[in-house]
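No lab work stands behind these numbers, since they all come straight from the coordinates. A quick note: this is a predicted structure, and the numbers were derived from the prediction, not measured. Heads up, the Cβs are rebuilt from the backbone with ideal geometry, glycines too, and the neighbour counts pull from every protein chain shown.
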Amino acid sequence: MDVNQHQRFTVPDRSFASIAKRDITRTAESFGLSPSEVGKVNIVATEMISNLTKHTAKGGELLVRPLGKPTIGIELICLDNGPGMEDLPRMMEDGVSTAGTAGEGLGAIKRQSDVFDIFSQPEIGTIILSRIYKTHKAPTLANTNHMFENGCIIVPKPGEAFCGDGFAIIEKGYDLYLLAMDGLGHGVHAHEAAQQAVDVFCNNTESDPANMLRTIHNSIRRSRGAVGFMAFINGKAQRIGYCGIGNIAGKLYTIEGGSASSSYKNIISYNGILGHNIPTSLNNQQLDWGRNKLLVMHSDGLKSRWDLSKYPGLHRHHASIIAAVLYKDNTRQTDDTLVMVCKAKIQ
């Protein structure tokens, strides 16, 4: 089975730090990173864990996920519920610390990372993103004409080894194809259902979301079943078409006046279960797309009443940071959780 999910490492206190670092090192080695790249991961993980134990009374968690082709590597996301930082640019400077240490942690993480971003807000906490690629492929990626920035958090239900949610992101020139799936229940059989749907999508990608969901429905009839959502974004026409079946939810935001909180449309899905029963008639919904658009999709492992207005300036950050903030503050912890974010990149 293909496993492209985040591993969740909880760090409730300092006694768990060495265990977490050991397991993250083994994870990095299993992804095929070189010894020098594993060394970078070790530095990043060490500094992240140190920040969690120093600044978060109840500890925190790290999410670690492999990154696939064409940019093979590893993603680490640090989530804490600490006091947050009011002057983030100053705290990024070496030698500045609120805990009486050398104050080189954030700078060290940034220096070791091919992709780095950080969001911090008083009374919310701090979220750090680090990506480390094999053979430094990030510069090559940055120089291509990608029109979209995508981020994803996919975490299994606590206690489960496999996540019952699944996703796929395919960018072809000016076009983007997105799939979000939630296998019924959780555990290995839910994972199998979601992964079957993802495989069908990747092997038969088409620009008609409703037809794609019909194809998935007919292909996973022998599975447990799933609910799902597909979107196709035509970058040249600046339009998004989508169709959903079941309780995959989401919002399409329009950034107005530097804020992502004032204008959005809810993503509406049909009732039904892919692989079991779907409506006879399925139609695609069409909306405008553009530089000022932000799409959020999620499974029901995320609470439905999240609100971007709580996080001023969050929409300016990397899509993975946005997904991580929503996960941190709104995951139910009683089911698998999938959060996908897509932003139009400024060309």
statement: Rounded to whole angstrom, the alpha-carbon centroid of region 205-247 lies from that of region 272-292 at a distance of 6 Å
- request: Relative to the longest principal axis of the C-alpha atoms of the chain, give the angle of the C-alpha long axis of helix 209-219, reported between 0 and 90° and rounded to the nearest 10°.
  value: 90 degrees
query: Structure shown: which of Lys157/Lys293; Lys265/Lys328; Lys134/Lys172; Lys21/Lys157; Lys40/Lys310 lie over 28 Å apart, alpha-carbon to alpha-carbon?
result: Lys157/Lys293; Lys40/Lys310
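Shape of region 279-319 from its Cα gyration tensor (a ≥ b ≥ c, root eigenvalues): rounded if a/c is under 1.5, otherwise prolate when a/b > b/c, or oblate?
Oblate is the answer for region 279-319, as a/c is 1.5 or above yet b/c matches or exceeds a/b.
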query: Hey, rough spin-label estimate for Asn292 and Glu123, points 7 angstrom out along Cα→Cβ, what's it come to in nanometres?
result: 2.9 nm
task: With label points built 7 Å along Cα→Cβ from the Cα atoms of Glu29 and Ser309, find their separation and express it in nm.
output: 5.1 nm
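Given the peptides 311-322, 30-41, arrange them by the average over their residues of other C-beta atoms within 10 Å, most packed first.
Ranking, from highest mean packing down: 311-322, 30-41.
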query: Residue separation times 0.36 nm, minus the C-alpha to C-alpha distance between Ile169 and Ala108: what's the value?
result: 18.9 nm
- prompt: Which order, highest average first, do 200-206, 272-278 follow once you tally other Cβ atoms within 10 Å for each residue and take the mean per peptide?
  reply: 272-278, 200-206
message: With the crude spin-label approximation of a point 7 Å out along Cα→Cβ, what separation in nm comes out for Lys265 versus Asn234?
response: 1.4 nm
- request: Write down the Kirkwood hydrodynamic radius of the chain, to one decimal in angstroms, obtained as one divided by the mean of 1/r over all alpha carbon pairs.
  value: 20.6 Å
